[in-house]
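Heads up: the structure comes next, in structure tokens.
The values are calculated or read from the model by the stated rules, or taken from the named source; none is laboratory data. In this text, all values refer to a predicted model and were calculated from it rather than measured experimentally. Because the Cβ atoms are built from the backbone with ideal geometry, glycine has one as well, and the counts that use them run over all protein chains shown.
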Amino acid sequence: MTATLRVVIEQASAQSFSDQAAAGLETARALVRMAPDGCEVAAIVPNGEADLAPLVPGLSSVRVAPLARRELLAAWQLGVAPSTGGGFIHSTTLAAPLVRHDRVNDGDQTVVTLWDLRPWEAGAEMARTAVTWNRAMLKRAAKHADAIVVPTFAHAARLDEEWSFGDRVRVVAGAAPEWFGEPTDADARARDLALPERYLITDATTAPSDGLAQTFAAAAAQLHDDLTVLVVGVPTDEEGAVRDLASAAGIPERALQLRPTLDAADRAVALSRSQLLVSAVSRTTWPWRVVEALALGVAVVALDTPAHREVIADGGVLADADGLAGAVAEVLADTERYRVLSADRGRAYSWDSSAERIWQLHAEL
């Protein structure tokens, strides 16, 4: 008898620019690659999403929900599971049909994933509707999920402090895209991106928990060495505010460049040609850009938080807010050494190993 694991992929059409959407596709692909004998992978998607066949080869089937994404998420928030419940379900976000089910007698399982605790730690930075939805879905998960997957033990510790999941919390790390690296047209992409000659890179918005002000303060002391600060992922409506933060930190206009959110290929080019990545994110989240930098062997400086400490380990330099400037100077003085350390740490993460742990989790359930 074949066992089917159905993966909820609720934002396939946005995979180029959403980290969690990309993670959903990477997880599904890896689950197909790593499926044990007698097991297969299917998918559940909202109505109107992208065709998954070319995005996730090897799926046994795709069940299209009767509702579009917004309506489906609202239904799940209310505990309504329109023809999507039952069987083995694994969601790569909190979006899932979290309803009462019988795992023991019927064999039904529902597992969800939580990547970022922003709705709880920094909810003021988000739209109220998004905060409400996430909080409601975590409450449903506490009541109905058979397990909740988080990417770090730091996440697990925070969940243990605030909610009653007990031994249902499982740690399964994320990774950089499986193919991540400079594409064959990297030089052309670098020209199109107008990358500076020598630069520090960070991925941030003006949200306080992104720590952009701290990153600018750390970088300002190094600008005498013709270093440019490149900020990617800047929303168009925040460009003025980002420039104001830079100016307040003492970074002149000539030493600052802004880019919008980049697709994976452009990110790989921009990251790989930088001197180092700086991340001053303070909330409990999976540090996507940090892990991509490690995969490329790019030197990393990060704010010393439980999540960064766990993910980076000895692959970069960690510092508190006051020590970030010294950490940047330290890495710039010996970039090649820190590139080697970064690359060594980057080998710890792969979607295939994550998929193996997910299959093991469902087998244990």
Single residue of segment 322-361 satisfying the filter (surrounded by 14 or more Cβ atoms within 10 Å (Cβ to Cβ) and basic (Lys, Arg)) that is nearest to Val111 (Cα to Cα): Arg357
Residues that are on the phi < 0 side of the Ramachandran plot, surrounded by fewer than 15 Cβ atoms within 10 Å (Cβ to Cβ) and part of a loop (DSSP other than H, G, I, E, B), drawn from segment 80-125: Val80, Pro82, Arg100, Asp102, Arg103, Val104, Asn105, Asp106
Please tell me if Asp160 is without any contact (Cβ under 8 Å) to a residue 12 or more places away in the chain and either charged (D, E, K, R) or surrounded by fewer than 21 Cβ atoms within 10 Å (Cβ to Cβ) (or both). yes
Quick one: how many residues across segment 280-308 are over 23 Å from Ile251 (Cβ atoms) and touching a residue at least 60 places away in the same chain (Cβ under 8 Å)? 13
Which listed residue, of Glu292, Glu253, is closer than 12 Å to Ile201 by Cβ, touching a helix residue (DSSP H, G or I) at 6+ places or on another chain (Cβ under 9 Å) and among the acidic types (Asp, Glu): Glu292
How many residues are modelled with pLDDT under 95 and surrounded by 24 or more Cβ atoms within 10 Å (Cβ to Cβ) when one looks only at segment 197-217? 1
Out of curiosity, is Gly233 over 17 Å from Leu195 (Cβ atoms) and not aliphatic (A, V, I, L, M)? no
Which count do you get for residues in segment 149-186 that are assigned to a loop (DSSP other than H, G, I, E, B) and within 23 Å of Ala313 (Cβ to Cβ)? 11
Out of the residues in segment 236-246 that are of a type outside the set (A, V, I, L, M) and within 18 Å of Pro196 (Cβ to Cβ), state the one that is surrounded by the fewest Cβ atoms within 10 Å (Cβ to Cβ). Glu239
Of all residues in segment 27-70 being charged (D, E, K, R) and either within 24 Å of the chain's Cα centre (by Cα) or in a loop (DSSP other than H, G, I, E, B) (or both), the one that is surrounded by the fewest Cβ atoms within 10 Å (Cβ to Cβ): Asp37
Going by the structure shown, is Leu227 under 30 Å from Asp344 (Cβ atoms), out of contact with any helix residue (DSSP H, G or I) (no Cβ under 6 Å at 6 or more places or on another chain) and not assigned by TED's automatic domain parsing to the domain that holds Trp120? yes
Out of Ala268, Ala248, report the one residue that is more than 23 Å from Gly297 (Cα to Cα) and not basic (Lys, Arg). Ala248
